[in-house]
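Computed from the coordinates by the stated procedures, all read-outs in this text should not be read as laboratory data. The structure displayed is predicted, hence computed values, not measured ones. Glycine also receives a Cβ, built like all others from the backbone with ideal geometry; neighbour counts cover every protein chain displayed.
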Amino acid sequence: MDFTVSEKTQIMLDMMNEFVDKELIPLEAEYLSNGSEGMEDALREKQQMVRDMELWAPLHPKDIGGMGLKLMDSALVFEAIARTPLGLFVFGCQAPDAGNIEILHEYATPEQKEKFLVPLVAGKIRSCFSMTEVDLPGSNPVMMDTTAVKDGDDYVINGHKWFTSAADGAAFAILMAVTNPDEAPHKQASMIIVPTDTPGFNIVRNVSMMGHAGKGYGTHAEILYQSCRVPRANVLGPEGDGFVIAQKRLGPGRIHHCMRWVGISKRCLDMMCKRAAERPIAPGEVLASKQIIQMWIAECASEIHASKLMVLHAAWMIQNVGVKETRKEIAFIKYYVANVMMKVIDRAIQVHGALGMTDDTILSFYYRTERASRIYDGPDEAHKAAVARRILRDYL
Ligand SMILES: Cc1cc2nc3c(=O)[nH]c(=O)nc-3n(C[C@H](O)[C@H](O)[C@H](O)COP(=O)(O)OP(=O)(O)OC[C@H]3O[C@@H](n4cnc5c(N)ncnc54)[C@H](O)[C@@H]3O)c2cc1C
């Protein structure tokens, strides 16, 4: 197992880190006050700078305009550019588009690629992924009420989804719906591309999350599919293979989520240390002189380091052994790294005192938005149950 970072990769990471510090972090104050609305021009300008540096879409294959990085290198990229919430968008690799690009690249027909994949990779349109339902457990999505019934050359879709992230302003959704109700549960659903201007694709609302409903990219929509009719040619991959394709989307996707959390954790630890070193706490004494703060810093630093190594190990296994063989390690990082990140954010807020609660720093934004990391892509408990099942196999 070799985690050596090549010279070429290190140069790329240095360029990205410098860009994040100089060009993106200064834009955060406006983003924290008003969201991404009104910042489109500024963000497009930064995207163009990234393209000019030939750093656009690091995860995506070269044949569709990306950099074609291998998983371990792209994991390191996420650590660097996720130190700001603007990074992934500006570098052309934000969720849910990144996962959608991956499956479109693998499963789309030439016509689907032309219409949906090409403009998506180029950053000209956005997309969303619509699987979770209001009335059934997202943790066990084989329980699904949304149907796509064949009618001539079309599917007619009916269903009630929510937490379809970034649906507001997206050009199309990749929808999971039951097309083959008589098959075994894991073979019933298909992925279908639904342009969002199709009659019957109705956004009910952007769900308000911890006091923020938002607008545009950073939102989570409730959607009613009401007799929504799309051509059968819009099915993605073989009919009935929805869950097989969803699994493919999740493996490498979790590496990127988890390295994004490592990036966020590092940023928060950095802020914690700076604040502790500067904040007077008694005459001639700064907060960093207190042993409890030193303990927090040491614990956070070692847990972030462990997180990073665990993610790189899982990425190495996916790259060298395969996704299927890495299931346990992927589950490990999903709950371990999310919980480390939440602990680091919480401690960073504590060290900042009242300032940590304000929107004058990024910490309260992270506290609010990143709590979901322990729920989406499978909650902690589901992953822990899966890990325990695998371990106990040898004992029961
Ligand atoms: C910010 C955010 C963004 C999201 N984006 C998307 C998106 O773009 N597209 C999309 O389709 N979905 C999205 N989701 C939905 C997400 O995937 C689901 O919320 C997740 O799968 C959990 O499903 P649920 O909310 O229905 O919870 P449930 O399945 O109802 O589970 C509730 C709780 O039960 C417990 N639990 C679950 N399984 C087990 C188990 N095996 N053992 C013990 N306890 C268990 C856990 O504590 C869990 O939190 C998003 C969610 C959030 C919060």
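Lys and Arg at +1, Asp and Glu at -1: add these up for the other residues within a Cβ distance under 15 Å of Pro26 and post the number. Computed value for this residue: -3.
Do the sum for the chain: with -39,500 (n - 2.57) for every DSSP H run of n ≥ 4, divided by all residues, what is the mean residue ellipticity at 222 nm, to the nearest 500 deg cm²/dmol? Here the helix-only value at 222 nm equals -14500 deg cm²/dmol. Ordered by the count of other Cβ atoms within 10 Å of each Cβ, fewest first, Thr369, Thr164 give Thr369, Thr164.
A simple count of charges around Asp135, restricted to other residues whose Cβ falls under 14 Å of its Cβ and scoring Lys, Arg +1 and Asp, Glu -1, yields -2. Counting neighbouring beta carbons within 10 Å and listing from fewest to most, the residues His256, His220, His305 come out as His305, His220, His256. In the chain, Rg over Rh equals 0.98, where Rg is the alpha-carbon radius of gyration and Rh the Kirkwood radius from pairwise Cα distances. Computed across region 19-111, the Kirkwood radius stands at 14.0 Å (inverse of mean 1/r, all Cα pairs).
Once the trypsin sites (Lys or Arg not before Pro) in DSSP loops with at most 15 neighbouring Cβ atoms within 10 Å are cut out of the chain, the longest remaining piece is 291-392.
The ranking of Cys273, Cys128 from fewest to most other beta carbons within 10 Å of each one's beta carbon is Cys273, Cys128.
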